[in-house]
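Visitor: Quick one: the structure is below, and I'll ask about it shortly.
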Amino acid sequence: MTIITPEFIQGVIRSGALAKARQRTQNGTAQPQNKARWYKFSTWTLICEEILDTEQPDDWYDDIIAELDRRGFSAEQVDKMRYFAWQTAGWLNYDRMVWDWCNLDETDMKTALAWQLRDGLINQQQYEEGLFSIEHYTL
């Protein structure tokens, strides 16, 4: 069963937890609490937080958007990264039922790309472009 479709991903990009946090940031209602040491997490770990099968309070996602802003990522860049993360880590977690509730990051995304290549869902060029994207945004 396919869960992670382009339509599903577009819906998450428009109204997922990080989209709502971005809206709160833009309208001045965000309340980041800095509950975690976000600076210690990779960019992909932050992006993948909304993919985990664990819902967090709004301020958790406000923190993540604040940290991504601090790192200099634009809203457009964040949305592109979110889309790619859902195509890879989201696909691995839901369509392949790996069900990771604790942490998803660039390692999981690389695993997903390898499995997608192996299964013929992507070609070699898409695989290499995906690896480049992961490395380009890993901080």
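Every number here is computed from the coordinates shown, using simple stated rules; none is lab data. Because the structure is a prediction, the values reported are computed rather than measured. Methodologically, a virtual Cβ is constructed for each residue, glycine included, from the backbone with ideal geometry; neighbour enumeration extends over all protein chains shown.
Visitor: Multiply the residue separation of residue 121 and residue 71 by 0.36 nm, subtract the distance between their alpha-carbon atoms, and state the gained length in nm to one decimal. Don't skip to the end; give the middle numbers.
Guide: Values: separation 50, 0.36 × 50 = 18.00 nm, distance 3.26 nm.
Here the answer is 14.7 nm.
Visitor: Something else now. Using θ = phi - 60° and the Karplus curve 6.51 cos²θ - 1.76 cosθ + 1.60, what whole-Hz ³J(HN,Hα) does each residue of region 36-49 get, with Gly and Pro shown as x?
Guide: Karplus-based 3J(HN,Hα) across region 36-49 equals 10, 8, 4, 4, 7, 8, 5, 4, 5, 4, 4, 4, 6, 4 Hz.
Visitor: Kindly flag which residue pairs out of 20/80; 40/110; 35/110 have an alpha-carbon separation exceeding 24 Å in this structure.
Guide: 35/110, as the Cα separations exceed 24 Å there.
Visitor: I would also like to ask the following. What list of ³J(HN,Hα) couplings, whole Hz, do you get for region 54-60 from phi and the Karplus terms 6.51, -1.76, 1.60, once you set θ to phi - 60° and write x for glycine and proline?
Guide: Karplus-based 3J(HN,Hα) across region 54-60 equals 9, 8, 10, x, 3, 5, 4 Hz.
Visitor: Take the alpha-carbon centre of region 1-67, take the same for region 96-135, and report the distance between them in whole Å.
Guide: Each part's Cα centre sits 20 Å from the other's.
Visitor: With label points built 7 Å along Cα→Cβ from the Cα atoms of residue 13 and residue 39, find their separation and express it in nm.
Guide: 3.2
Visitor: Sticking with this structure for a sec: How high is the relative contact order of region 6-137, in percent, counting Cα pairs under 8 Å that sit 6 or more residues apart? Display every interim value, and only then the final one.
Guide: Values: 131 pairs, mean separation 35.7, N = 132.
After rounding, I find 27 percent.
Visitor: Where the only charges are on Cβ atoms (+1 Lys, Arg; -1 Asp, Glu), what is the dipole of the chain about its Cα centre, to the nearest 20 debye?
Guide: I would put it at about 220 debye.
Visitor: Just name one of 31, 104, 77: the one whose Cα is farthest towards the positive end of the charge dipole of the chain (beta-carbon charges, Lys/Arg +1, Asp/Glu -1).
Guide: The residue sitting most towards the positive pole is 31.
Visitor: Could you order the peptides 40-53, 19-32, 2-15 from most to least packed, using the average number of other C-beta atoms within 10 Å per residue?
Guide: Descending mean neighbour count gives 40-53, 19-32, 2-15.
Visitor: List the chymotrypsin sites (Phe, Trp or Tyr not before Pro) in region 66-132 that DSSP assigns to loop (not H, G, I, E or B) and whose Cβ has at most 14 other Cβ atoms within 10 Å. Which are they?
Guide: Hits after loop and neighbour filter: 99, 101.
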